[in-house]
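Dumping the structure here so I can ask a few things about it.
The values are calculated or read from the model by the stated rules, or taken from the named source; none is laboratory data. These numbers come from a predicted model, not from an experiment. Positions of Cβ are backbone-derived with ideal geometry, glycine not excepted, and every protein chain shown enters the neighbour counts.
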Amino acid sequence: MISSVGIYLILPYLGAVLAFVLGKMNEKSAFWIAEIVGAILFGTSIYLFMTYTTPIDIDYTWINYGGIQLPLGIYIDHLSVVMLLIATGLGFADIHFAHDYMGEDPDKPRYYAKVLFFIGGMILLVIAKDLIGAFAGWEFMGLASYLLISFWFKTKSAANAGMQAFLYTRFGDIFILAAIGLLYYFVGNLNMVDLNQMANNGEIDKTVALVTALFIFLGAIGKSGQFPLYPWLMNAMEGPTTVSALIHGATMVNSGIYIVARMFDFYAYTDALFIVANVAALSAFIGATSALVQKEIKKILAYSTMSHLSIAFVGLGVGSLAFGMLHLVNHAIFKALLFLSAGAIIYIAHHTKDAWKLGGLIKKAPYVALFMAMGSLSLAGVPPFSGFFSKDGVIAEAILHGGPFVSIFVTIAGLLSIAYITRLWVLVFMGEPRDEGINGHVHSPGNIFIRLPLGILAFVTLGIALYQTNIVDYIVGHPVEEPHVKGLLVGFLVGMAILFGIVVGLYVKGMNLLQKISQHRFIQIIHQILFNGYYVEAGITYLSKNVIVNGVAKSFRWIDTNLIDWLVNATVPFARGIFKAFRIGHSGKIGDYIGIFAIGVAIIVVAILIIVKGV
Amino acid sequence: MGSLIILIGAGLLVPLFFKGHMIIAKYIAAAAFAAAAFNVYMGNGIDLPYFVLTPDTQLMEIVVLIVLAATMMTFSGFERPLIPQTLFVGAASLAILETNNFLMYIVLFEVIAIISYVLAANIRSKLNAEGAIKMFIAGATASGFILLGFAMFSMITPTFNYSEISVHGNFALVAFGIMLAGIFYKMTVVPMHGWAADTYAQVNHAAAAILSATIKVVIAVATFKAFYLFMAAYPTTTVWLFGFFAIITMTLGNFMALFQKKIAKILSFSSIAHAGYMLLPFAAVASMYSYTGLIYLGIAYVFMQTSVFLILNDLRREAHIKTLEDIKGLYKKSPLHALFFTIQLLSLAGIPLLAGFISKAVAFYAGVDAGLWPLILIAALNSALSLGYYLWVIKHIYFDEPVAGTHAKITMTPGSLVGQLILLAGTIYFGIFAAPVFSTTLGL
């Protein structure tokens, strides 16, 4: 079991280097190296899952001198194993899918190297015992995310999106770094397992705990695309769809939730969970409403990702680690399925991302339609798909413990997901083709590299529904009581199904009618607000441009150019003067050197005598 | 004895392969270094009277042997005569690091000095000859001083064991002072450095790599052990003496490097400046981290300095690159050379996550621990100053266009690549993992 830790720590990076270097020599080898590495990593995770008995706990001290001790340990428990299965399993599926999707790209070695590097970062995050290691993995992923969003860096929008993602997430990361500093200074312990234990025993000062918990949550907000740091997630869709599927749909964006779950006792000890729940409920509402009106397939999915991550966050926030994590797991799988289906659609439709230009694709790609429908049903929360159980659990917990704001918003978000995902599916697959030019060229997807991974994911989405209680028990480590609101549960069950039917009917029959309604001026204004994600991005841009760039940065720039540059420039003649003075001694003649040498000897001897004897 | 036999035996054997089988000689030598390193790793010291293998010397020896093996990998036909000398340097380094006897120390010091002359005397041009002669004359003077000091010292000390030597009385003080002057010559401490600035730049760069890195570090570490009792007996003197020389050495080295046009000269003066940093732990002998600081500086420096001189050797051999003008746009001509050079220069400048940073941090920490913060402040300012010329070189490599009419492409030989990769691995490994150094050196 310990050997698997070595595999996790070395193999992804080794694979990244190999895929890049060998891929430069033979383009095809890049994919196969990535595929093999991905398979080994996934196999290792399964092996770890099968042989798991007690948590793997390895202590290692990175720096230890003076009063400074920086730990860098490894800790793998049930939570880590689940995250590892998601990261490596979906990573493997994604690499496999990319064979066709990225098939025409000339830069395959670079792509696979970055993806493997990303998987390495995710693994490091979930197996790290201390905040330092977790932070390193966190930043590796941030870097990989930046590199992959701007993978097609020659298009301006992709390069900008990468930069935006980096800046937004870094803004949150600064707070994590600050939290690490605070914890190190006030608590003296960066070990997340110990921190939970200390919180349980009440050994940490409440204020410190609250501040650090909020700081870490700010980082999680950035990474998991919560309000107000979510605009980057939407623009991140500029990257390849396989990247969106893996990083911005299924794995990396989960890391914010993971870190809160990992430190759950610590969060529960403070009142930070209340804030987590409220911010998340608001984000869920924003994401769900904005997803209703988007045009691009990937943006709809991106907003739905935001909304569903928020639902998982709400689960944690109202005190239910089990349902929060369960929703994370379910969401990761069905969102990977949905994104990869979107990738398949975009691939067969020659990189058309606008859902309004498609339509009637069910005839051309029936299997993709079927698999995407299964993912959509799961996302919509229609029984018996997996998404139903976790979403329902979270909503029930929210109603029981969350207060009115949280419970209303999260319920709305949960119900709206039926509407937006149905809209997407109907737009793409039903009706008549809206753009004959695109529709005429649609080709059918390949079997092994497109349909197979989709089919497997769809199968898992359905199959995993049978094991929901097992997953919950596995994550928490002991059997969990279901929220006892049986009436509510049955109500949801029936309600979801009926609602789903109604929405499908509405969309199929009345897509044109809806369009007519939306021509109304008032609806148009709301539409604009939702379409632009509540103008949060514009607000942040306005603030940073006027306050930070034009205010703070410009004044610093003035000081820099007028004062500091002058000082720096003045050092050059100064240093040159010293240089010239020193150069007198370097004539290049050995006689001079020996002379100076002799003076040095005299200085040493005289100095020693003077100092010791005080002569 | 095993390591010594391997190294000296290989040194005597390799000349057999010089006629047309240079590559065999090279690999035999590299294998000998690897075998010796493995032997040391297994805990086999020289195992004679007056020689003790402790964990700290073990670490230092392994590092030195690995670096010399990497150096060996980069050799080409030009450096053929250096191969046996390098092997002898390895053997002498093991001996001087392990000895605990002052007489042995002086003898081995002279042995290394003589090997250095032969190393430098790989003469192919007038410039080489000038460098070798300068080193020889300065070295002869230094030997005279060392022997004078040692003669005085041997008259009063009852024994030569490091732990029992007599360090008291005016006679002993003068003796140690005179010996120090001679040793400072080898460590290129200002004002005994004049020869080094010229020699390092003028002799074959591969020889300069061994002279300025391995030999300097080995002498510094061995001297620290030999003079420990003296330094501990006169704490005030130690601080003033070594502190003063540390400051003038690093300041002069850094300022002189700033406006040089030849890259080899920049590296020479940077090497002199690093001698100044290496004197900091001597001054900070009161701190328990002083020895750790010295060993760490030594380990980091031996990887970085060897690497930069060997790259320069490659560049001079393949493309006659000598000045900053020649190195413009190097990344277009040879991305690999440019990459290795840049990382090692950044490490020399003390950029975090590279060995140069942690080593300086530890040495500076030792200084602060000993209460010498003004000294450390000056050292830190010096370290910032040094960025001025390291980044200047990097700027020429990446941001300037190649001069027309120079080589368009420079290839890196596989041997060179392997050697540089080993050195780079050392720089990065010791830049991240500090534990091996701390666990072996604390508590001298």
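Just to be sure, is B:Ala366 crowded, with 21+ Cβ neighbours inside 10 Å and under 24 Å from the mean Cα position of the chain (by Cα)?
yes
When the residues of the stretch B:145-190 are narrowed to those that are more than 10 Å from chain A (Cβ to nearest Cβ) and among the polar types (S, T, N, Q), which ends up nearest to A:Lys613 (Cα to Cα)?
B:Ser166
If I ask for residues that are within 18 Å of B:Tyr234 (Cβ to Cβ), of a type in the set (A, V, I, L, M, F, W, C) and part of a helix (DSSP H, G or I), which ones from the stretch B:267-293 would you list?
B:Leu279, B:Leu280, B:Phe282, B:Ala283 - these are the residues of the stretch B:267-293 that are within 18 Å of B:Tyr234 (Cβ to Cβ), of a type in the set (A, V, I, L, M, F, W, C) and part of a helix (DSSP H, G or I).
Okay, next question. Of the conditions (1) modelled with pLDDT under 85; (2) surrounded by fewer than 23 Cβ atoms within 10 Å (Cβ to Cβ), A:Gly381 satisfies every one except a single condition; which number is it?
(2)
Can you report the number of residues in the stretch A:416-447 which are crowded, with 19+ Cβ neighbours inside 10 Å and in contact with a helix residue (DSSP H, G or I) (Cβ under 7 Å, 6 or more places away or on another chain)?
16
Tell me, please, whether a residue that is within 14 Å of chain A (Cβ to nearest Cβ) and either aliphatic (A, V, I, L, M) or surrounded by fewer than 20 Cβ atoms within 10 Å (Cβ to Cβ) (or both) can be found in the stretch B:318-336.
yes
Shifting gears a bit: Suppose we keep only residues that are over 12 Å from B:Ala142 (Cα atoms) and facing another protein chain (nearest Cβ under 8 Å) within the stretch B:191-202. Which one would you say is surrounded by the fewest Cβ atoms within 10 Å (Cβ to Cβ)?
Restricting to residues being over 12 Å from B:Ala142 (Cα atoms) and facing another protein chain (nearest Cβ under 8 Å), the top hit is B:Pro191.
Of the residues that sit in the stretch B:392-406 and are out of contact with any Lys or Arg (no Cβ under 6 Å at 6 or more places or on another chain) and surrounded by 15 or more Cβ atoms within 10 Å (Cβ to Cβ), which one is farthest from B:Val63 (Cα to Cα)?
Ranking the qualifying residues of the stretch B:392-406, first place goes to B:Thr406.
Scan the stretch B:378-397 residue by residue and report those that are free of Cβ contacts under 8 Å to residues at least 24 places away in the same chain and within 14 Å of another protein chain (Cβ to nearest Cβ).
Listed by number, the residues that qualify are B:Leu381, B:Ala384.
Answer yes or no as to whether B:Phe309 is surrounded by fewer than 24 Cβ atoms within 10 Å (Cβ to Cβ) and either aromatic (Phe, Trp, Tyr) or within 20 Å of B:Val418 (Cβ to Cβ) (or both).
no
Can you pull out every residue in the stretch B:93-136 that is assigned to a helix (DSSP H, G or I), crowded, with 23+ Cβ neighbours inside 10 Å and among the polar types (S, T, N, Q)?
Matches in the stretch B:93-136: B:Ser93, B:Ser116.
For the stretch A:48-56, indicate whether the set of residues that are in contact with a Gly (Cβ under 9 Å, 6 or more places away or on another chain) and surrounded by fewer than 20 Cβ atoms within 10 Å (Cβ to Cβ) is non-empty.
no
Additional query: Just to confirm my filter: which strands (runs of 3 or more DSSP E) fall fully inside the stretch A:1-105 and include at least 2 residues that are among the aromatic types (Phe, Trp, Tyr)?
The qualifying strands (runs of 3 or more DSSP E) are A:61-65.
Taking only pairs six or more apart or across chains, which ones have beta-carbon atoms under 9 Å, a first residue in the stretch A:171-192 that is farther than 24 Å from A:Thr541 by Cα, and a second residue that is aromatic (Phe, Trp, Tyr) and part of a strand (DSSP E or B)?
A:Asn191/A:Tyr75; A:Met192/A:Tyr75
Would you tally the residues in the stretch A:199-216 being buried (at least 17 other Cβ atoms within 10 Å of the Cβ) and either touching a Gly at 6+ places or on another chain (Cβ under 7 Å) or more than 20 Å from A:Leu177 (Cβ to Cβ) (or both)?
Here the count works out to 1.
For A:Asp592, only one of the following conditions fails: (1) within 9 Å of another protein chain (Cβ to nearest Cβ); (2) at pLDDT below 85; (3) part of a helix (DSSP H, G or I). What is its number?
(2)
Suppose the filter is under 15 Å from the mean Cα position of the chain (by Cα), of a type in the set (Phe, Trp, Tyr) and modelled with pLDDT of 90 or more; does B:Phe244 pass it?
In short, no.
For the stretch A:63-100, how many residues meet the condition of being surrounded by 18 or more Cβ atoms within 10 Å (Cβ to Cβ) and within 14 Å of chain B (Cβ to nearest Cβ)?
The total comes to 5.
Is it true that B:Lys262 is surrounded by fewer than 24 Cβ atoms within 10 Å (Cβ to Cβ), among the charged types (D, E, K, R) and touching a helix residue (DSSP H, G or I) at 6+ places or on another chain (Cβ under 8 Å)?
For B:Lys262, the condition - surrounded by fewer than 24 Cβ atoms within 10 Å (Cβ to Cβ), among the charged types (D, E, K, R) and touching a helix residue (DSSP H, G or I) at 6+ places or on another chain (Cβ under 8 Å) - is met.
For the stretch A:271-293, which residues satisfy the criterion of being of a type in the set (S, T, N, Q) and surrounded by 24 or more Cβ atoms within 10 Å (Cβ to Cβ)?
If the condition is that a residue be of a type in the set (S, T, N, Q) and surrounded by 24 or more Cβ atoms within 10 Å (Cβ to Cβ), then A:Ser283, A:Ser290 are the ones that fit.
Still on this structure, I have one more. So which of A:Ile599, A:Ile578, A:Ile584 is closer than 17 Å to B:Leu252 by Cα, under 60 Å from the mean Cα position of the chain (by Cα), within 14 Å of another protein chain (Cβ to nearest Cβ) and free of Cβ contacts under 8 Å to residues at least 24 places away in the same chain?
Sole residue among the options that is closer than 17 Å to B:Leu252 by Cα, under 60 Å from the mean Cα position of the chain (by Cα), within 14 Å of another protein chain (Cβ to nearest Cβ) and free of Cβ contacts under 8 Å to residues at least 24 places away in the same chain: A:Ile578.
Right, something else. Condition first: of a type in the set (S, T, N, Q) and in a helix (DSSP H, G or I). Now tell me which residues in the stretch A:336-360 satisfy that.
A:Ser341
Based on this model, can you work out whether B:Gly169 counts as on the phi > 0 side of the Ramachandran plot and either free of Cβ contacts under 8 Å to residues at least 40 places away in the same chain or aromatic (Phe, Trp, Tyr) (or both)?
yes
Also: Looking for whichever is farther than 30 Å from A:Leu340 by Cβ, out of contact with any Cys (no Cβ under 8 Å at 6 or more places or on another chain), assigned to a helix (DSSP H, G or I) and of a type outside the set (Val, Ile, Thr) here; the options are A:Gln197, A:Gln164. Which one fits?
Unique residue meeting the criteria: A:Gln197.
Applying the selection to the stretch A:602-615, what residues are more than 7 Å from chain B (Cβ to nearest Cβ), of a type outside the set (Gly, Ala, Ser) and more than 20 Å from B:Leu147 (Cα to Cα)?
Residues satisfying the conditions are A:Ile610, A:Lys613, A:Val615.
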